[in-house]
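Here's the structure we're looking at; comments come further down.
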Amino acid sequence: MEALSFLMQGLSVAMDPMLLLYALIGVTLGTAVGVLPGIGPALTVALLLPVTYGHDPAGSLIMFAGIYYGGMYGGSTTSILLNTPGESASIITALEGNKMARAGRGGPALATAAIGSFIAGLIATLALAFLAPYVVKVALAFGPRDYFALMCLSFITVSSAFGDSARKGLISLFIGLSLALVGIDQLTGQARLAFGVPQLLDGIEVTTLAVAMFALGEAFFVAGNRATGDDQVIAIKGSVWMTAQDWARSWKAWLRGTVIGFPIGALPAGGAEIGTFLSYAAEKRLSKHPEEFGNGAIEGVAGPEAANNASAAGTLVPLLTLGLPTSATAAIMLAGFQQFGLQPGPLLFVTNPQLVWGLIASLLIANCMLLVLNLPLIGLWVRLLTIPKPWLYAGIMVFATLGTIGANPSPVELAMLLIFGLMGYLMRVHGYPIAPVVVGLILGPMAEQQLRRALSIAQGDVLTLVGSPLSATLLAFSVLALVVPMVLRMRGKGQMLSQLAAEED
Amino acid sequence: MKHTLFAGMMAAALALPAHATDYMIMAPASPGGGWDQTARTMQEVLQADGISSSVQVQNVPGAGGTVGLAQFASQNAGKADQLIVGGFVMVGAILTNASPVSLADVTPIARLTGEYEAIVVPASSDIKDINGLVEKLKADPGAVSWAGGSAGGTDHIAVGLIAKAAGVDPTKINYIAYSGGGEALAAILGSQVTAGISGLGEFKAQADAGALRILAVTSDERIAGVDAPTLKESGLDVVLQNWRMVAAAPGITDEQKAAISADVEKMVNSDAWKTALETKGWANTYLAGDAFKAQLDADIASTSTVLKDIGLVK
């Protein structure tokens, strides 16, 4: 209960009006940069670092944390309304969220994202406060082979979760995996498939691909379909707020998303995206309305949004306890700590408890502020959809292009945006799902590196992959996830699957 | 209302780079890394001490700094207001990526800071000192896995040099590359690898907390506050510093170069710079003029040799 008294003390520190102001500035800025594609929380904090020099360390760090949480939240707004994910962690949100928005349910989609983010942020921040020292021990036990097993599980659950046709889904996934091979191989430092273009040496930027495929591909598709009668976007149908049924379908997804997202965020080599993929796959499998997935299922927004905010809190576990930044924003926050002469690590909790607990407490406050800030804005945001279509899509194209140049000012990046946009258009025309391409690009390099690291450490012994209890368990789950549905289907018991899913619920 | 807001944000975004500056410093890396922090610290100190009234930092990340370097060299010939931050990692990256642009295409001004490497094992390891590690390496080079930063970077080069100095075939080393010292740290703490190697700053806190044991450092002399021998006194003739530098555009006149060098020297001697270095834990290894030129050439030559020895450069 020592932690509890520290937290109370922290809350009283964070209630200082000046610190509250810093937190408010942080979440407002964070939401704004999350909405803008290309300008991420990492860049914002980097820009603000020199400004905060000489100011109160507690206030500055609280502001940075607010930007981080705000950015995670803001990314979902553009994903849902404009199909333009601002951050890679909100790519999955675009899948169901944008479908909901087009069917006039943008309000509930934004609401479930906001409330889900709040609840996940709340639970995960409390988990950070009380479980950090234990979670970090488990996270450190994850070696390359365990990561590889986790990636295998993600691949299998994800590839079965997207799209109606397994064949088309797999083709999309492999396009993504091929794109993932571009760039310098991290383990040998050699360039692959870069064709002498220096901008390709670092591989293909995930946000460029996602924005191109989702936003540009969509814009081209809409433009191409204009002659043949267009699908109507309904701005608002029914209530702007969530109905009782929306609540009933959302709350379990929020909790599951939190449980999936937090530990994955805490892993030193995981990314917030993986949690969102797994959450989406889990929701699709457990949903009582699987037919709605792909057409705007609210669980598909609620789960991943909760997962990405829980991950954001999760990444603070290794940062505060080990001094290990696991995301770009966390890396800058580490630089922020160092600027004030604080070295995050095992000793920070001992040497500076007031600051650490103040930070954790202000995360709780920032989280509440985000909810208060964002819920009333939903009504305003959904009005964006009433803008006439040509204007809206022209705006999206400008927005997407600007964001891409902002993040990486080079003509090559713009050319990639255009090419992937056309690719997204063609895939849409032929009915191939888009999301697996992006998923392949994100997971491909992680799986490859971890596999090769594992084999290198074991000097080529393949059995090492099942050599730890963790990896063996995860791989066993993967095999089950692959084989069981096949066997059931072969026995003509396809309907048993949906029944099973219903019982598990 | 929304439209005006949007247009305003766009205008602001577009207007930003057009602002007049005294110095534009390019950090050829993403925000948050060592080069970015160096550039932003320079910005802070140059402005705070009135050496320059307005300094801007631009990030052009990619490929160990070679993307930024190529852009810098091709666009800024003769421009005396342009600076780029770089370092030892860039030397290796230019070689491994067979970059068409090298440090010979810019005007190096001075080395600013440096950090020595540390070789560590987890506290639970049965390896007690650097000799124990070298014994294992000699017995079976493949059985000793080293976690460190990116392939061909300072950490990898250091392992190659250690192997060479110990009389072990450098092509046999089992180096596990991570995206940075931080990610490698997790693998070392979790005992996933035999040993770890990265900048001392990455390991210091964990070593102080007793989770890691520092076996040796790559400095010339022992480092105050670090309870570990140098490689040199352990019989391995390896001294390696991961340094950071600042360079100016190609094709500037000698007068322009002298003016920039004077500004940099003023910055290095300011109290603000010293304080900033202290809080960040960077050592001041300022070296300018011909001495820096000679050191740079020596580093490029030795890096090129060791990268060929490891087999990363043909």
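In terms of packing, defined here as the mean over residues of other Cβ atoms within 10 angstrom, the peptides B:255-263, A:182-190 line up highest first as A:182-190, B:255-263. Working note: 222 nm ellipticity from helices only, DSSP H runs with n ≥ 4, each -39,500 (n - 2.57), summed and divided by the residues of chain B, gives -13500 deg cm²/dmol to the nearest 500. Arranged from fewest to most other beta-carbon atoms within 10 Å of their beta carbon, B:L95, A:L126 become A:L126, B:L95. For the segment A:180-190, counting C-beta atoms of other chains within 10 Å of every residue's C-beta and taking the mean gives 5. Counting beta carbons within 10 Å around each of A:M8, B:M24, A:M100 and listing the fewest first gives the order A:M8, B:M24, A:M100. Under 5 Å between amide hydrogens, built in the peptide plane, is the criterion, and for A:V240 it picks out nothing among residues at least 5 positions away or on other chains.
Projecting the Cα atoms of B:A291, B:A301, A:G431 onto the charge dipole of the protein assembly as shown, computed from C-beta unit charges around the Cα centre, puts A:G431 farthest toward the positive end.
Neighbours of B:T154 by Cβ distance under 10 Å: Lys/Arg scored +1, Asp/Glu scored -1, total -3.
Angle of helix B:130-139 to the longest C-alpha principal axis of chain B, folded into 0 to 90 degrees and rounded to 10: 70°.
Of the peptides A:358-364, B:232-238, the order by per-residue mean of other Cβ atoms within 10 Å, starting with the highest, comes out as A:358-364, B:232-238.
Peptides A:74-85, B:143-154 ordered by packing proxy, namely the average of other Cβ atoms within 10 Å per residue, highest first: A:74-85, B:143-154. Mean per-residue shielding of peptide A:451-462 is 3, counting Cβ atoms of other chains within 10 Å of each Cβ. Between 0 and 90 degrees, the angle of helix B:66-75 with respect to the longest Cα principal axis of chain B falls at about 30 degrees. Once the mean of 1/r is taken over each pair of separate Cα atoms and inverted, the protein assembly as shown shows a Kirkwood hydrodynamic radius of 27.4 Å.
Comparing B:V101, B:A118, B:L215 along the charge dipole axis of chain B, the residue lying farthest to the positive side is B:V101, per the Cβ-charge model.
Taking every residue in B:189-196 and counting other chain Cβ atoms within 10 Å of its Cβ, the average works out to 5.
Between the C-alpha center of region B:40-111 and that of region A:390-414 there is a gap of 27 Å.
Throughout, read-outs are computed from the coordinates displayed, never taken from laboratory work. Please read all numbers here as calculations on a predicted model, not as lab measurements. Here Cβ is always computed from backbone atoms with ideal geometry, including for glycine, and neighbour counts include all displayed protein chains.
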